[in-house]
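A short write-up of the structure that comes next.
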Amino acid sequence: MNMVPDTSVLIDGRITSMIKTGEYKDVTIIIPEAVVAELEAQANNGREIGFSGLSELQQLSRMAEEKTITIKFSGVRPTLEQVKLASGGEIDSMIRQIAIENQARFVTSDMVQAEVARAKGLDVVYLKPQVTDFVPLGIDQFFDEHTLAVYLKERVAPVAKKGTISEMKLVKIREQPVSEYELRNLAQEILERAKRDPDGFIEVEKRGITVVQIGSMRIAIARRPFSDGMEITAVRPIVDVTLNDFANSDVIRARLLGDKRGIIIAGAPGSGKTTLAQGIATFLSDSSFIVKTMEAPRELQVPDNITQYTNLDGSMANTAEILLLVRPDFVIFDELRKLEDFTVFGDMRLAGIGMVGVIHANGVRDAVQRFADRIDFSVISQVINTIVFVREGVITKIYDLDFTVKVPEGMAGEMHLRPVTSVTDNATGELVLDIFRYDGETIVMPVIPGAVPVAAAAPAAKPAPPPIAVQNVGQPVAASQPFRSPVATQETAAPKKESDERPGWKLMEKEIQREIGRYSEGFIDVQMISDTKAVVYIDDKDVPAAIGKGGKNISAIVNKIGIGIDIKPRSEFDRQQAQSRPSEEEINLGGGIRIQTDKKQLTIVAPDQSGKIVDVFAGKEYLFTATVNEQGEISLSKNSSIAQEMMRRYQNNENIKLRPV
């Protein structure tokens, strides 16, 4: 009897098993060259199904050498044009043609291929997916009841993570390293099972990597060139946990059954987020809600009445469009990674569907920041009502989100009323985060318990006008106001440092110096005002770079460090230092003008010319032009040629005077 298998059967691996069981004897297996070409192309692209099919061909060749069967190859390799039309059935047509020419039985596990072959009048054997009598997988030998994950790599001894989510340890399974041959056999078996088992899916199939889900086990098969060697990683849950097994589950149930149906489960990888999501999905299903899931890959272990969807044509946005037509009560989104995922989650929640999302984050601030960077902060509280933080399989914190209009916490008197999204600890009611817009940037500002706003600490202090920079060059230069960070500052003398009394401030000063140091090569002087505020003095020329366009750079630093920062030019610091100690000499020029000098600086004091651009004359001779700051001062370096020339003219009894431009 002649038999022609197609590509799907060779990948499936059941031809050799049927021959071994004696179902086919004295058979001649005709392999179309189109099948070989297709498997070769898949293997060259690093796809595991290609290697699996080639391994099946090798076993058939060995059976032919043992005279168990006869094997021959027939037909021609497909052309480039035929390969391009493979998705339209061109290669399948070539394979069927070989069966017609040889009057052979056509064997396939592809339903469409089988129906077309029957329409052509062929003797067709359609191998349906097996649903029973599965023997244990080879990789199961590495698992026991305490094993969460197994890591196998060629030339390395196999290891496993054992224990519980809260107490895990890495254990060597055996001393003998795993060979590539052993891994290839395991990979082929896994792939065959995934294709036959109704609970098996090939979730990802790309060059060098295949991700398979078989029941509760997720298996990643990596090979060159994606990895530096063949590797198989298998992960599976070891306990079945319900929502009632978690502490504070009553809070979550109340939110789900009420009107706050936007929940985010956050935590580090392996912390138990997916386990909690499974418990929530099962609880909702048992509470007579229609529940669907969005997963890539599909790893949630949920009842059969909960349909698990993956990305449609590679996009979760396409999946969301279908779900909006299906109209579920709740959707479990596991996990949010890409920008599209956050957008889809927000759109579906605003459409009225209850959403439970899973996200990787080390803390509530990180979780909120990932949303704040992707959706408008003003709708975050509508999309997310509750954030549940999980660590080592335990719910450690539950946070609530609300939207209001207020002055951001810790900034009273320094900012106007503005829309703010607040994050509070559900257990204590304490405010944790304020999210608001400042200068076009979304700021996620942590609230330090007990911190006193600057304005509240000194209500009687009236801020002085912001200083105007002065450049002592021979032409007028427009002054620019220094940047005011999201935490505004008191424009007073340089604050007294208390770092020696507060060790935590020293660490914060070093952190700020490191961040600002990316934009300034000069000395950086950091002065802590409070636990939530600092003043930083840097070289005048570096101020624009540190601030960034529209305050982008300083806003990023404030957001990262978590305290307000006010950038000021070095010249202002020097002036404040000079004002804090007695002047060495003061000369009265008359007309309300006087000169103050110390070791480093010469200051022309002319209160009547405050804020004006003036020409400075010695007698009738023009010396230079400068801008008088709002304190009525022009500051010059005492060693500069222009300051020395002015003092020489004064000592020669020439009249020094200012004339507004």
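The values are calculated or read from the model by the stated rules, or taken from the named source; none is laboratory data. Everything numeric here is computed off the predicted structure, so don't read it as measured data. Cβ atoms come from the backbone with ideal geometry, glycine included; neighbour counts cover every protein chain shown. With ligands, DNA and RNA removed, areas are computed over all heavy atoms of the protein, side chains included. Shrake-Rupley method; radii C 1.70, N 1.55, O 1.52, S 1.80 Å.
Would you calculate, for the chain, the mean residue ellipticity at 222 nm contributed by helices, counting each DSSP H stretch of 4 or more residues as -39,500 (n - 2.57) and dividing by all residues, to the nearest 500?
Working: 20 runs with 200 residues, N = 661.
It lands at -9000 deg cm²/dmol.
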Given Lys406/Lys533; Lys552/Lys600; Lys510/Lys552, the pairs whose alpha carbons are separated by over 24 Å: Lys552/Lys600
Mind ranking Thr428, Thr597 by accessible surface for me, highest first, 1.4 Å probe? Thr428, Thr597
Hey, what do the phi angles of the range 217-223 turn into as Karplus ³J(HN,Hα) couplings, whole Hz, using 6.51/-1.76/1.60 and θ = phi - 60°, x for Gly and Pro? 9, 9, 10, 10, 10, 10, 8
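Share of the chain's accessible area from carbon and sulfur, percent, 1.4 Å?
Details: 15660 of 31660 Å².
Ligands and nucleic acids excluded, carbon and sulfur give 49 percent.
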Just by accessible area at a 1.4 angstrom probe, what is the order of Asp402, Asp566, Asp144 from largest to smallest? Asp402, Asp144, Asp566
Placing +1 on each Lys and Arg Cβ and -1 on each Asp and Glu Cβ in the chain, then taking the dipole about the Cα centre, the residue among Gly357, Pro419, Val326 whose Cα reaches farthest towards the positive end is Pro419
Accessible area per residue, Å², the range 151-195 with all protein chains present, probe 1.4 Å: 57 Å²
Pull out a ≥ b ≥ c, the square roots of the eigenvalues of the alpha-carbon gyration tensor of the range 332-398, then state rounded if a/c is under 1.5, prolate if not and a/b is larger than b/c, and oblate in the remaining case. prolate
Taking the full set of protein chains and a 1.4 angstrom probe, give the accessible area of Lys560 in square angstrom, rounded to the nearest 10. 130 Å²
Row for the chain, column shape: gyration tensor on C-alpha, a ≥ b ≥ c, rounded if a/c < 1.5 i.e. under 1.5, prolate if a/b over b/c, else oblate; value prolate
Estimated distance in nm for a label pair at Gln103 and Ser378, the labels positioned 7 Å out from Cα along Cα-to-Cβ: 7.9 nm
Averaged per residue, what accessible surface does the range 314-413 expose to a 1.4 Å probe, in Å²? 40 Å²
Using only the alpha carbons of the range 286-343, determine the length spanned along each of the three principal axes and report them from longest to shortest in whole angstroms. 32, 24, 18
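Quick check for you: with a 1.4 Å probe and neighbouring chains kept, what is the accessible area per residue of the range 581-661, in Å²? Please report the intermediate quantities before stating the final value.
Details: 4390 Å² over 81 residues.
Value for the range 581-661: 54 Å² per residue.
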Ala119 versus His146: modelled label distance in nm, points set 7 Å from Cα along the beta carbon direction: 5.9 nm
